[in-house]
Amino acid sequence: IGFSAIGQGDGLLIYPKLNIDDGSVKGAKITIVKNGKAIESFTNEKKPEYILEYGANYIIKFEKPGYVTKKIAINTKIPTELASEGFSYGFNVTLFKQYEGINTTFFNQPVGKIFFDPDLDDFGYDTDYTESIQSALQDAMDQVEQAKEKEEQQLAEEARAKEEAAAAEANAAAEAEKKAAEE
């Protein structure tokens, strides 16, 4: 069900933005899971908007081959007197490259939780949950950054080796040409 299919008072309008660290969103997919059942999948190449019906639990899953999958949990339960209101919530998710040797099982659980906050009288994210997972997220990101730096160093060394080989080959060809000219 897209945004135009039902009125905004029928649910929470979400507009997730997917970013790919050092890559393109091409080939990435967003899946909406309602009460444990996948109900919709789409690519992020267009700006997605989606209405989540009130009174349900959703998982929004962001994935791309070669990258770590992330999930956001959204609880759309609201006070009954607000059921005719139209709420919206936008959020960003960045996927990073999957590196060998980095434990990413932590990402099997949601990295964020969104819910109706009566103190705000609007939807917001669970700051206590975010704080509770922040150190695990930071550890994973530190490991990813180290792996990324190591990969960049390897690529730079390979490029340097190719340049040196090409220069040696050019020198050898020049020497051979010089020798042939002398003879």
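Read-outs: derived from the displayed coordinates by stated rules, not from any lab. Here the structure is a predicted model, which means the values were calculated and not measured. Note that we place each Cβ from the backbone using ideal geometry, even for glycine, and neighbour counts take in every protein chain shown.
Rg(Cα) of region 122-180 divided by 2.2 N^0.38 Å? Kindly include the intermediate steps, with their values, before the conclusion.
On the way: Rg = 24.9 Å, N = 59, 2.2 N^0.38 = 10.4 Å.
The value comes to 2.41.
Cross-link partners among lysines for Lys29, C-alpha distance below 21 Å, same-chain residues fewer than 8 apart left out?
Cross-link targets: Lys17, Lys37, Lys46, Lys47, Lys61, Lys64, Lys70, Lys71, Lys97, Lys113.
Taking H placed 1.01 Å from N in the peptide plane, check which residues at least 5 places from Ala28 or on another chain put their amide H under 5 Å from its amide H.
Correct list: Asn44.
Starting from the Cα coordinates of region 4-126, work out the convex hull volume and express it per residue in Å³.
On the way: hull volume 12.8 nm³, N = 123.
Hull volume over Cα atoms, normalised by residue count, gives 104 Å³.
For Gln98, enumerate residues with amide H under 5 Å from its amide H, sequence gap 5+ or separate chain, H modeled in the peptide plane.
Tyr67, Val68
How large is ³J(HN,Hα) for each residue in region 110-120, as worked out from phi by the Karplus curve 6.51 cos²θ - 1.76 cosθ + 1.60 (θ = phi - 60°), to whole Hz, x for Gly and Pro?
Result, rounded to whole Hz: x, 8, x, 10, 10, 7, 7, 9, x, 5, 8.
Using the alpha-carbon centroid of each, what span in Å lies between region 48-83 and region 95-165?
First find each Cα centre; the distance between them is then 20 Å.
Hey, for a label at Glu85 modelled as a point 7 Å past Cα toward Cβ, could you say which residues of region 8-41 have their backbone N under 20 Å away?
Inside the label zone: 8-15.
Residue by residue through region 21-34, what is 3J(HN,Hα) from phi via Karplus (6.51 cos²θ - 1.76 cosθ + 1.60, θ = phi - 60°)? Round to whole Hz and write x for glycine and proline.
Computed from phi, the couplings for region 21-34 are 5, 6, x, 9, 6, 4, x, 7, 9, 10, 10, 9, 10, 10 Hz.
How far is helix 127-182 tilted off the main Cα axis of the chain, in degrees rounded to 10, range 0 to 90?
20 degrees
Suppose a student asked you for the relative contact order of the chain, using Cα pairs under 8 Å spaced at least 6 residues apart; what percent would you report?
On the way: 292 pairs, mean separation 36.3, N = 183.
Result for the chain is 20 percent.
Output wanted: per-residue J couplings in Hz (rounded whole) for region 59-71, from phi through Karplus 6.51 cos²θ - 1.76 cosθ + 1.60, θ = phi - 60°, x for Gly and Pro.
Values, residue by residue: 10, 9, 10, 10, 8, 7, x, x, 10, 6, 6, 10, 10 Hz.
I want to verify a result. In a Gaussian network model of the chain, Cα cutoff 10 Å, which of these has the top mean-square fluctuation: Glu131, Glu81, Glu49?
Glu81
Which of Leu137, Leu95, Leu155 ends up with the largest GNM mean-square fluctuation for the chain, with Cα atoms connected below 10 Å?
Maximum fluctuation in the GNM of the chain, among the listed residues, is at Leu155.
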